[in-house]
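The values are calculated or read from the model by the stated rules, or taken from the named source; none is laboratory data. Given the structure is predicted, the values throughout are model-derived calculations rather than measurements. Using ideal geometry, Cβ is built from the backbone for each residue, glycine included, and neighbour counts are taken over all protein chains shown. Only protein heavy atoms, including side chains, enter the accessible area calculation; ligands, DNA and RNA are left aside. Shrake-Rupley method; radii C 1.70, N 1.55, O 1.52, S 1.80 Å.
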Amino acid sequence: MGMAAKTGRGRVRLNVGGRVFETTADTLASAGRDTMLGAMLDASWNAGHDPDAEYFIDRDPACFAVLLDLLRTGTLHLPPGLPEPTLCREALYYGLLDRVRAARAGEFDGDRLRLAASVPGRAPGDGTAVRAAPDGGCCVAHGGAVRVYNWLLEERRPVYLDHAPVNDAAYLDAATLLVAARERPGNRRSDGGGGGGGGVAAFSALTGDLRHRFRVAHWRQPRSFTAGALELDASSNRVFASCKGRLNEYGVGVWDCATGEQADFFYEPPGCALGDADKLQWLDATSTLMVATMFPRTDASFLTLLDFRDDKSVVWSWTDAGTPASLEEKRAVHAVVLEDGRSVCVVNQYDDLGFLDLRKNAGGVRWSSRSKLAGKKKKVAAARGYEEETCYPKLAAHGGQLFASTNDTISVFSGPDHVLTSTLRGSGGGAICDFSIGGDRLFALHNEENVFDVWETPPPAII
Amino acid sequence: MSGGGPPRKRNFKIEAFKHRVELDPKYAERTWKVLEHAIHEIYNHNASGLSFEELYRSAYNMVLHKYGEKLYDGLKNTMTWRLKEISKSIEAAQGGLFLEELNAKWMDHNKALQMIRDILMYMDRTYVPTSHRTPVHELGLNLWRDHIIHSPMIHSRLLDTLLDLIHRERMGEVINRGLMRSITKMLMDLGPAVYQDDFEKPFLEVSASFYSGESQEFIECCDCGNYLKKAERRLNEEMERVSHYLDAGSEAKITSVVEKEMIANHMHRLVHMENSGLVNMLIDDKYEDLGRMYALFRRVPDGLSTLRDVMTSYLRETGKQLVTDPERLKDPVEFVQRLLNEKDKHDKIISVAFGNDKTFQNALNSSFEYFINLNNRSPEFISLYVDDKLRKGLKGATEEDVEVILDKVMMLFRYLQEKDVFEKYYKQHLAKRLLSGKTVSDDAERSMIVKLKTECGYQFTSKLEGMFTDMKTSQDTMQDFYAKKAEELGDGPTLDVHILTTGSWPTQPSPPCNLPPEILTVCEKFRAYYLGTHSGRRLTWQTNMGTADIKATFGKGQKHELNVSTYQMCVLMLFNSADGLTYKEIEQATEIPASDLKRCLQSLACVKGKNVLRKEPMSKDISEDDTFYFNDKFTSKLVKVKIGTVVAQKESEPEKQETRQRVEEDRKPQIEAAIVRIMKSRRVLDHNSIVSEVTKQLQARFLPNPVVIKKRIESLIEREFLERDKVDRKLYRYLA
């Protein structure tokens, strides 16, 4: 840290845009060497500096006051009349933007969420998915585009994969977005080369530029395909995607996420459904991949656990195929493996939660009937698009809590017995068709007008 | 919407608006010049005049106004130009100063890079990620790599200098390790690939050829021990080198080069080196050399197995000589002692030099097992060894010492295949010890039995334990006998009877001899007493196994107490009533079996100092025409004279045959029992399977001979326990 340029013992005088601030070298050093203030006070820039002279910075003093306060206290207090984007612009100048972001909200807690923003959607067509970015931003897939938002919820350039309908998206990191898209029918170039559109590709989340495609070859022949659900395994840098080829090449493709090289392909064995999955989930504890293909996308629901090591194998599976089909029958419509990796939680069209034990094969679903908890009985039509638009419930597990979207509400369940502890009802954008948790935020995509709500935990109370 | 004026006006407005957004290109150029100047000043160590805030703001403004690309490319060009200048100055450095110059410039570049990065921090944060460019710091390293390290004038010179310095250090010179450390660290900082491709790979190649040459030189002029010392030293030097100035990842690679060149390539020659190889080390107990050899060979593939193989074949060869050398077979105690010494020696080598390696212990055990069983007298000898130790050898030894010796014996016992033969001998020897009261320590005896029991189970020792029980009961019986019949017996000879349970003891049926009448009376009284308390039993006198203490008065009135066998006592008692007796007369009077009688007379008449009888004619051997006289002139310094029977401790050839035959006889029922047990559970089995199953079941006791097993099967078929399958003659069926 700067040896020179100190007024008194460790004191530093700064003149920012005409206003003089006095602080300590330690306070400024807490910003880190990797920031403008850290570099400015570094010995290498102060060889001939007069110790009593003040530093001049040609920036806005009001914003600097807030940022200096942030360095001093670790908390962010935005005075009225100072717009957040202005503060963020200044924070970016000083290299303190990450600090501002970290100070804005507390650590994610499903029971203390408050609605932070409601962002109106603009694109026509139904939103299919919302995905949280690790840095607090998000993306919304609808139709042939993925709209990308930074953590300030400013929209960036959207991402297109040949304008093909997007099935799923996933953040590789804050700057890289993977997109899975449907092959356009009618495009008959099944000889590969990516001419068929669709498939999986990596984009810059910052600029929307295509980085590379993830191609699939069957018996050394490149093929076009429709990509469904996506999943990442961070520990081995692999990308998984549910793949549906034209020539019945169904299965799960595996790629190296940095290079885009195809690493493996798990062909769909008889009695399983892998190629048209709703959801993939990588389980670190057992190094397996859960593939969920659910009613009503298919006639029955299939849950499969794949082991990709040496001898690729199905290590666990469950299906409700073959149970008598009636409209009143409880059908699992979404699934998530709980964080302990031992059981799967499923939800049915009546919003009941059910549990399956992953440690033994051939078990049934233990339904915990709580459908009355939601308050009102809903008549959910088995066929889609009946009367008012409804959405099937979805599930997520995060930080030891279980989240379920039911109609326009997200329920939060806590503890080993999954007790309902909170309900989140947002801006009134209608039913929730998808939600995602990440970057200390929860994003809920509503059906009407593609509005999405952003939920976050406020910073801890001061006392 | 009439007339063309208004729309055109609107168009103008839009264009004017566009212009306002664009920054004056001259401004960008001016700003860049300021920054470019600053970069040069930084490289010139002249940064004190620069204002950080101003430069930071300038770079910020360029990026903000979309001149990020100009800034980035400008930086790249300026830095490239500077590095080309630097490369010239490094190239110009003379000889030894080359590395120092390179290192100094590298330090400068790092410092400059840090300051440049400080100024361009905003560009690094915003422009670089969105335009997918290389961050400033990484760019600086890449340019250094491309324009300095990979410059044709520096690249090979750098490598040669590094390799030369390492070579000189290997030859004993002192080099500047700090400088080496800095340079290799620079290569690592430039990326693992740079370190590996531009230094590590050639370094390993050069090292391989260096050690290949050196090992060739060493092996021609050094003995094995010295060679290994040198190899070990080289290995340690290389590891030290890595810790001082190479990347830690190189350690495994360079040690594997040294291991391959110095050990693996000369492994066989080293092990078999004449006069100094492994065998010589083993013979001479060179623990340090052996330890070194083990440690080094463990590092190379097949190293330890090579050592093990050579050790095993050496052990087998020497062991075989040991157990088959007729000279060595003369003294069983020494024979076993040698085996034990051999075992101790190698146990110590394995524990001291081979780190108690299990595989070496197993090799040692299997070698012993192999050669001990080459001599079929090993069981007898081991039993004799125990006999020796328990008779006298253990006198004065502490309990722990006894335990140690017995444990060692048990270890040898474990190697025996014919454990039943051992049992047979052990029983004989134990019986002799017990009956003659020669056991030194009852505890030691029992301890040995317990060991055998843990090793082989209850069945193995039940009879041995029976013998101890008999001894105890006999004692009680005798006490009771004398307590109850004291007045009845008067002053007659004292009788001490051991009542032996038939079957527990290794008795050979032999007809009792005629006892002297005095003795006979007491014996009859005892018989009456015993059968009175234990009905339904039968007593048979084993006169061939007893002893007697008799008092004798010789010519000049000197009195001696003679300790003799029962047979000898019978003979001597005859001379109470006669001075001279012929062989025939003695034989008739005593009815002692001829061979025993001869031995008994021999020990009474022919042993110097113990000759209480005189024989005519004088000769060494007893013939049936001899006449015996009481030797009046017998003298001895001792009051108590022990007259031993001439017995071979070791079995003679015919006795050996006999024992063997008895063992074979005893094995038959065991083999048959095993066959029946197996067939009862398996019902149908082919011949080979039976043989292998039987062998498996019995190998704890002995190794049955397949021919014998076949005979037992045939016998069982005759007795209709088994039958041959009607279709497949190789199959046997169990008949229940």
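Filtering segment B:561-579 down to residues that are within 13 Å of B:F630 (Cβ to Cβ) and out of contact with any Phe, Trp or Tyr (no Cβ under 7 Å at 6 or more places or on another chain), which residue is surrounded by the most Cβ atoms within 10 Å (Cβ to Cβ)?
Looking at residues that are within 13 Å of B:F630 (Cβ to Cβ) and out of contact with any Phe, Trp or Tyr (no Cβ under 7 Å at 6 or more places or on another chain), I get B:V571.
Considering each residue of segment A:439-450, count those that are surrounded by fewer than 19 Cβ atoms within 10 Å (Cβ to Cβ) and at positive phi, and give that number.
Result for segment A:439-450: 1.
Hey, could you check segment A:182-212 for residues that are at pLDDT 90 or above and more than 14 Å from every other protein chain (Cβ to nearest Cβ) and say which is farthest from A:Y250 (Cα to Cα)?
The residue in question is A:A201.
Name every residue in segment A:68-109 that is in contact (Cβ under 8 Å) with a residue 40 or more places away in the chain, open to solvent by 60 Å² or more (accessible area, probe 1.4 Å) and within 14 Å of another protein chain (Cβ to nearest Cβ), in order of residue number.
A:R99, A:R101
List every residue pair whose Cβ atoms sit under 7 Å apart, with the two residues 6 or more apart in sequence or on different chains, where the first one lies in segment A:145-160 and is on the phi > 0 side of the Ramachandran plot and the second, anywhere, is open to solvent by less than 50 Å² (accessible area, probe 1.4 Å) and part of a strand (DSSP E or B).
Close Cβ pairs (under 7 Å, with a partner that is open to solvent by less than 50 Å² (accessible area, probe 1.4 Å) and part of a strand (DSSP E or B)) amount to A:L153/A:A117; A:L153/A:V119; A:L153/A:V454.
Within segment A:96-122, how many residues turn out to be assigned to a strand (DSSP E or B) and not hydroxyl-bearing (S, T, Y)?
Matching residues across segment A:96-122 total 5.
For the structure I just gave you, tell me whether B:K84 is more than 18 Å from B:T134 (Cβ to Cβ), outside any helix (DSSP H, G or I) and over 60 Å from the mean Cα position of the chain (by Cα).
no
Results for (1) touching a Gly at 6+ places or on another chain (Cβ under 6 Å); (2) over 16 Å from A:D276 (Cβ atoms), shown as yes or no for each residue.
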position	(1), (2)
A:T207	no, yes
A:L210	no, yes
A:R213	yes, yes
A:A229	no, no
A:A234	no, yes
A:G245	no, no
A:G253	no, no
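Among the residues of segment B:27-72, write down those that are at the interface with chain A (Cβ under 9 Å from one of its Cβ atoms) and outside any helix (DSSP H, G or I).
B:L50, B:S51
Which residues, taken from segment B:115-126, are closer than 21 Å to A:T176 by Cβ and within 11 Å of chain A (Cβ to nearest Cβ)?
Across segment B:115-126, the qualifying residues are B:D124, B:R125, B:T126.
Can you confirm whether segment B:687-695 contains a residue that is among the polar types (S, T, N, Q), in contact with a Pro (Cβ under 9 Å, 6 or more places away or on another chain), outside the structural domain of B:G503 (by the TED database) and surrounded by 12 or more Cβ atoms within 10 Å (Cβ to Cβ)?
There is at least one residue in segment B:687-695 that is among the polar types (S, T, N, Q), in contact with a Pro (Cβ under 9 Å, 6 or more places away or on another chain), outside the structural domain of B:G503 (by the TED database) and surrounded by 12 or more Cβ atoms within 10 Å (Cβ to Cβ).
Given the conditions (1) touching a residue at least 24 places away in the same chain (Cβ under 8 Å); (2) closer than 30 Å to B:P706 by Cβ, report the number of the one that B:Q661 does not fulfil.
(1)
Return the only residue of A:L424, A:L420, A:L402 being part of a strand (DSSP E or B) and over 19 Å from the mean Cα position of the chain (by Cα).
A:L420
Out of all the residues in segment A:195-216, which are open to solvent by 10 Å² or more (accessible area, probe 1.4 Å) and in a strand (DSSP E or B)?
A:L210, A:R211, A:H212, A:R213
Would you mind stating whether B:R145 is more than 14 Å from every other protein chain (Cβ to nearest Cβ) and either modelled with pLDDT of 95 or more or touching a Gly at 6+ places or on another chain (Cβ under 9 Å) (or both)?
Yes, satisfied.
How many residues are open to solvent by less than 30 Å² (accessible area, probe 1.4 Å) and touching a residue at least 24 places away in the same chain (Cβ under 8 Å) when one looks only at segment B:606-626?
Count: 4.
Cβ-Cβ distance below 9 Å, separation of 6 or more or different chains: which pairs start in segment B:39-60 with a residue that is closer than 25 Å to A:N15 by Cβ and open to solvent by less than 40 Å² (accessible area, probe 1.4 Å) and end on one that is outside any helix (DSSP H, G or I) and acidic (D, E)?
Every condition considered, the pairs that remain are B:F52/A:D42; B:E53/A:D58.
State whether the residues of segment B:712-734 include one that is among the hydroxyl-bearing types (S, T, Y), crowded, with 19+ Cβ neighbours inside 10 Å and over 38 Å from the mean Cα position of the chain (by Cα).
Yes, because at least one residue in segment B:712-734 is among the hydroxyl-bearing types (S, T, Y), crowded, with 19+ Cβ neighbours inside 10 Å and over 38 Å from the mean Cα position of the chain (by Cα).
Can you name every residue in segment B:266-307 that is exposed (fewer than 15 other Cβ atoms within 10 Å of the Cβ) and outside any loop (DSSP other than H, G, I, E, B)?
Passing the criteria: B:H268, B:R269, B:I283, B:E288, B:S305.
Select from segment B:534-560 the residues that are open to solvent by 20 Å² or more (accessible area, probe 1.4 Å) and farther than 22 Å from B:P593 by Cβ and list them in ascending order.
Selection gives B:H534, B:S535, B:G536, B:R537, B:D549, B:K551, B:T553, B:G555, B:K556, B:G557, B:Q558, B:K559.
Answer yes or no as to whether B:M107 is farther than 16 Å from B:T31 by Cβ and within 14 Å of chain A (Cβ to nearest Cβ).
The answer is yes for B:M107.
Of the residues that sit in segment A:33-55 and are modelled with pLDDT of 90 or more and within 7 Å of chain B (Cβ to nearest Cβ), which one is surrounded by the fewest Cβ atoms within 10 Å (Cβ to Cβ)?
So the residue we want is A:Y55.
Taking segment A:56-67 as the region of interest, how many residues are in contact with a Lys or Arg (Cβ under 7 Å, 6 or more places away or on another chain) and within 14 Å of chain B (Cβ to nearest Cβ)?
Residues in segment A:56-67 being in contact with a Lys or Arg (Cβ under 7 Å, 6 or more places away or on another chain) and within 14 Å of chain B (Cβ to nearest Cβ): 1 in total.
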